[in-house]
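Enquirer: Pasting a structure here, questions to come.
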Amino acid sequence: MRSQCIWTPCKVLTPMSFKPSTLFTFSFSKQLLLPDKSIAGTSSTRRGISSYPPLMASSPSLKDGVSTQNESTQKTQQPLQVAKRLEKFKTTIFTQMSSLAIKHGAINLGQGFPNFDGPEFVKEAAIQAIKDGKNQYARGYGVPDFSSAIAQRFKKDTGLVVDPDKEITVTSGCTEAIAATMLGLINPGDEVILFAPFYDSYEATLSMAGAKIKCITLRPPDFAVPIDELKSAITRDTRAVLINTPHNPTGKMFSREELSTIASLCIENDVLVFTDEVYDKLAFELDHISMASLPGMYERTVTLNSLGKTFSLTGWKIGWAIAPPHLTWGVRQAHSFLTFATSTPMQWAAAVALRAPESYYVELKRDYMAKKEILVEGLEAVGFKVFPSSGTYFVVVDHTPFGLENDIAFCEYLIKEVGVVAIPTSVFYLNPEDGKNLVRFTFCKDEGTLRAAVDRMKEKLKRK
């Protein structure tokens, strides 16, 4: 049986006769009938749907385009629906804090996006690519010129030579590269080790993949890897270890000794490593070391990176994954059904960006070190205990001198009473108690904004 519709006759419109006030009106019968198997090719039950809900419980009549239904009638509030694997995840803390910032006119030192623009030569390259007609779907795993630029940059940084056609996958931001890696290489029940605190998308994506998460907590003041705890955690059941260096939110950089120990354990137990290196060009006091460059590790490592942090173009969402062919296969399978392809003109511009002279990176680091100094000195003057940050554009502080119960209470007070936004770090831990004394500030803002935020805290934030 076909779905039954009751049609109200209407005037046939030509392009010249159409007016916004002219209406097509029709209503479905209150019971929407399911299609025949002969029409749909399958039953609704086989598609996992036991029955379709009525499309409309009732259809208000229309008069001159205006509903005559009693406007005071309130629609029944429907419960929010979400798959069980995502039930525990709420609106991201970044969305919550940014919304509060707007509401209270607070200076946003929470979410990690610059309030200044990326370089003109990269933006001009994007404009030119659009004008040149490079606007249709790109090759699924990346525009060839951009893939080549990634390979060239990776060789400069690590000494490793990779095949841009077989070992690089371009994604819509590093967050998609993370998702494609987890969904493409992790099976339900696989064990994955994270280092807490961690970027919130890691846990959510692993939950979507059905992974079993083990967590190793990095603790202040130096957030060093507890090697003995890690040795106990890695077993033959471990599928992968996920590393972020330089590390968000702490600014920690994994040392060569730490990385070498992790590498040895992974080789010994046949474990993969997924390494998020989006802040690799924001390394201040130590040199960044890519896990893939360590002996015996390239064949078991997926290196994840992006354009946004290095070139202050976070809204472009251009990322990539570098891995040997046998791992790239899984990443590309997932990527094909997540986004398929990434913005074509932005990839052409990103290729120009990655070929920037070394002077660009020297200046970038110098600028960020100056911003970091303003914020760190200001936070210390206000009364925070500031923990060392060797990379990224974040610093973590202990908020307890100001007498608030936990990090969330402190951040809400800071926004509403002081007019500055920070991020509570408890959301970056499996056990929120581990992060209740810490909050994160970012210094990827212009110097005037950083000084204004410090001045507000000096004026309104008092130790207790």
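The values are calculated or read from the model by the stated rules, or taken from the named source; none is laboratory data. As the structure is a computational prediction, the values presented were derived from the model and not from experiment. For the accessible areas, the whole protein counts, side chains as well, though only heavy atoms, and no ligand, DNA or RNA atoms are used. Shrake-Rupley method; radii C 1.70, N 1.55, O 1.52, S 1.80 Å.
Enquirer: Could you run the Karplus curve 6.51 cos²θ - 1.76 cosθ + 1.60 with θ = phi - 60° over region 413-425 and give me ³J(HN,Hα) per residue in whole Hz, x for Gly and Pro?
Expert: Calculated HN-Hα couplings, in order: 4, 4, 6, 6, 9, 10, x, 9, 9, 10, 10, x, 7 Hz.
Enquirer: Still on this model: Which value, in Å² rounded to 10, gives the accessible area of TRP316 with a 1.4 Å probe and all protein chains present?
Expert: The accessible area comes out at roughly 50 Å².
Enquirer: For HIS288, what accessible surface area do you get with a 1.4 Å probe? Give it in Å², rounded to 10.
Expert: 50
Enquirer: May I pose another question? State whether region 91-205 is rounded, prolate or oblate according to the following rule on the C-alpha gyration tensor (a ≥ b ≥ c being the square roots of its eigenvalues): a/c under 1.5 gives rounded; otherwise a/b larger than b/c gives prolate, and the remaining case gives oblate. Write out the running numbers ahead of the final one.
Expert: On the way: a/c = 2.02, a/b = 1.16, b/c = 1.75.
Oblate, since a/c reaches 1.5 and b/c is not below a/b.
Enquirer: Also, quick follow-up: List, in order, the whole-Hz ³J(HN,Hα) value for each residue of region 287-301 obtained from phi through the Karplus relation with A = 6.51, B = -1.76, C = 1.60 and θ = phi - 60°; use x for Gly and Pro.
Expert: 7, 6, 10, 8, 4, 4, 7, 6, x, x, 9, 4, 5, 10, 10
Enquirer: Leaving ligands, DNA and RNA out of it, rank ASP145, ASP228 by accessible area with a 1.4 Å probe, largest first.
Expert: Of ASP145, ASP228, the descending order of accessible area is ASP228, ASP145.
Enquirer: Next question. Cα gyration tensor of region 348-464, axes a ≥ b ≥ c as square roots of the eigenvalues: rounded (a/c below 1.5), prolate (a/b > b/c) or oblate?
Expert: The shape class here is prolate.
Enquirer: Calculate, for region 319-464, the solvent-accessible area per residue in square angstrom, rolling a 1.4 angstrom probe over the heavy atoms of the protein chains.
Expert: Dividing the accessible area of region 319-464 by its residue count gives 41 Å².
Enquirer: Is the shape of region 161-316 rounded, prolate or oblate, going by the alpha carbon gyration tensor and its root eigenvalues a ≥ b ≥ c, with a/c under 1.5 for rounded and a/b larger than b/c for prolate?
Expert: It is rounded, given that a/c, with a ≥ b ≥ c, falls under 1.5.
Enquirer: Additional query: Quick check on my link table: of LYS88/LYS436; LYS252/LYS385; LYS90/LYS372; LYS372/LYS445, which ones sit more than 21 Å apart, alpha carbon to alpha carbon?
Expert: Result: LYS90/LYS372 exceed 21 Å.
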